[in-house]
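The values are calculated or read from the model by the stated rules, or taken from the named source; none is laboratory data. Here the structure is a predicted model, which is why all the values come from computation and not from measurement. Here the Cβ positions follow ideal geometry from the backbone for every residue, glycine too, while neighbour counts run over all protein chains shown. Surface areas here come from the heavy atoms of the whole protein model, side chains and all, with no ligands, DNA or RNA. Shrake-Rupley method; radii C 1.70, N 1.55, O 1.52, S 1.80 Å.
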Amino acid sequence: MREQLEKLKLEALSQIKNASTKKELQEVRISYLGKKGPITEVLRGMGKLSAEERPLIGQVVNVVRDTIKEEIEQKEQKLEELEVEAKLASESIDVTLPGRPIQIGAKHPLTAVIEEVEDAFIGLGFSVAQGPEVEIDYYNFEALNLPKNHPARDMQDSFYFTEELLLRTQTSPVQARTMEQHQGKGPVKIICPGKVFRRDDDDATHSHQFMQIEGLFVDENVRMSDLKGVLDAFVKQFFGADREIRLRPSFFPFTEPSVEVDVSCGICKGQGCRICKHTGWIEVLGAGMVHPRVLEMSGFDSSKYSGFAFGMGVERLAMLKHDIDDIRHFYTNDMRFLAQFKRV
Ligand code: 2NL
C-alpha cells in the first residue's frame, strides 16, 4: 500500500512537471485529487485496514495528498507568471524602430511674404496694426481725401452692403483709425497688412479679393528722403542687397507729392529682359507724402506734422519673388503649387 502511494506520488509529480498549461494542470488535479481519483479511493478503503495500519497509511495518504496539492499550487503560480511574461513580451514596444514620417505642411506663400515684410519694417521701428474688413464710407474714402463724387467711389468698383457700409478697398482705413486714436500726437509708425476687396473680373493678374500692406509714418519733420531711405532699406532686405529703387512722379488722392516706386530687375540686373519688359525696372509700390487734408481730418496739425505713406500688393510681391505667372494660384489650393513652398 505504502509503495503504491509512493508510486502514485512520483507519477503525479512527473505529470505536474510536464503540464505546460493551466488546463493540463487542472486535468492532473482532477485525475489525482478528484472524487474519482486514486487518493479518494484509498481514503474510502481505509475502513478495511487493520487498526494498526490505519493511522500509518492515513498519515502517508495525507502527506502524499498535501505534497501533490502543494506542487500543483506552485506549478500554477509558475504558469501564471509565465503567462504574464509572455503577454508582456508580446506587447513590448521596440523603441529602436524608425518612426513613421510626419507630413509637414508649408506656409502659404502670401503668409510667408506678409511675415517677411513685417519683419523688415519691425526692424525699422514700425508696429503692425489691424482693423475691420467691413468698413464705413468715412474711413475707407472720406478720411483719405476721396470725396463723395470721386470716381474711385463708384458703386461699380466696390462691394457695398449699404450706402455707408462696404468691404474695404485698401488697408488705409486702418491707418486713418490709428491716426485718429493718437489724438494729434506723433509719432505714428505702423504697417497694415490685410485683405482688401475690389469689384473686378478675375484673371491672371486681377482678383476681386487680394492682400495689401500699407505703411504710415507721421511725426515732426518727416521728409521725402525718409520715405526713400525706408523703402530702399526694405527693398534691399526683401529682394536682396544688390537691388536699387527709383521714384517716378505719380498721383494718389491721399498723398502729395505721390510717387511710383520701381525696383531694379533682379533677373537682368538692369540690362533689360522679359520680366522687366526691357526697361531694367519693375514697379512694386505706390507712395507719397501724406496729404495735409488727410492729416487734418485725422486730427493732426499739418503745420507741425508731416508724414509719408506707401502701399503694395502682397500677391504682386510674391509673384515677383517666386516667378509666379497667375494670381489665381494663390487661392485654388492646388497641392502641387503649395508644396513648392516647403522649407527643406
Ligand atoms: C498702391 C498705392 C498707396 C497710400 C497707399 C495712404 C494711407 C494714408 C494716408 C496716405 Cl492713411 N496714404 N496710403 C499712399 C500711397 C500709395 O498705395 O499702389 N497700393 C497697392
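Accessible area of region 109-341 with a 1.4 Å probe: how many percent of it is carbon plus sulfur?
Numbers: 5790 of 11470 Å².
Taking all protein chains in place, region 109-341 shows 51 percent carbon and sulfur surface.
Measuring from a point 7 Å past the Cα of Gln181 along Cα-to-C-beta, which residues in region 128-169 have an amide N at less than 12 Å?
What the label zone holds, given the 12 Å backbone N cut-off, is 128-132.
Below 18 Å, Cα to Cα, which aspartates and glutamates can Lys22 reach? Residues fewer than 8 away in the same chain don't count.
Answer for Lys22, where 18 Å is the Cα cut-off: Glu70, Glu71, Glu73, Glu76, Glu80, Glu81, Glu83, Glu85, listed by chain and number.
Here are some pairs, Lys148/Lys195; Lys7/Lys78; Lys195/Lys269; which of them have Cα atoms lying more than 29 Å apart in this structure?
Working: Lys148/Lys195 24 Å; Lys7/Lys78 25 Å; Lys195/Lys269 32 Å.
Beyond 29 Å: Lys195/Lys269.
Given labels modelled 7 Å from the Cα in the Cβ direction, how far is it in nm from Gln26 to Asn221?
Roughly 9.8 nm, to one decimal.
State which helices in the chain qualify, where a helix is a whole DSSP H run, it must extend 30 Å or more along its own axis by its Cα atoms, and its mean Kyte-Doolittle hydropathy must be at least -1.0.
Values: long enough: 53-91 (57 Å, -0.70).
Helix filter hits for the chain: 53-91.
Using a cut-off of under 18 Å, list every residue of region 196-235 whose amide N is near the label point 7 Å from the Cα of Ile122 along the Cα-to-beta-carbon line.
Correct set: 213-216, 234-235.
Specify the residue with the greatest mean-square fluctuation among Ile267, Ile275, Ile93, computed from a Gaussian network of the chain linking alpha-carbon atoms under 10 Å apart.
Ile93
Using a 1.4 angstrom probe on the protein heavy atoms only, line up Tyr32, Tyr331, Tyr160 by accessible area, largest first.
Numbers: Tyr32 10, Tyr331 85, Tyr160 50 Å².
In descending accessible area the options line up as Tyr331, Tyr160, Tyr32.
For region 1-58, what is the accessible area per residue in Å² when the probe is 1.4 Å? Show your work: numbers first, answer last.
Values: 4170 Å² over 58 residues.
Per residue, region 1-58 has an accessible area of 72 Å².
Between Arg44 and Ala339, what is 0.36 nm times their sequence separation minus the Cα-Cα distance? Round to one decimal in nm.
Details: separation 295, 0.36 × 295 = 106.20 nm, distance 8.67 nm.
Separation in residues times 0.36 nm, less the Cα-Cα distance, equals 97.5 nm.
Would you list, by chain and number, the aspartates and glutamates whose Cα falls below 15 Å from the Cα of Lys189, excluding same-chain residues fewer than 8 positions away?
Glu118, Asp119, Glu180, Glu214, Asp219, Glu220, Asp226
What number, rounded to the nearest 500 deg cm²/dmol, is the helix-based mean residue ellipticity at 222 nm of the chain, given -39500 (n - 2.57) per DSSP H run of at least four residues and division by all its residues? It would help to have the intermediate numbers written out before the result.
Values: 11 runs with 138 residues, N = 344.
Helix-only estimate at 222 nm: -12500 deg cm²/dmol.
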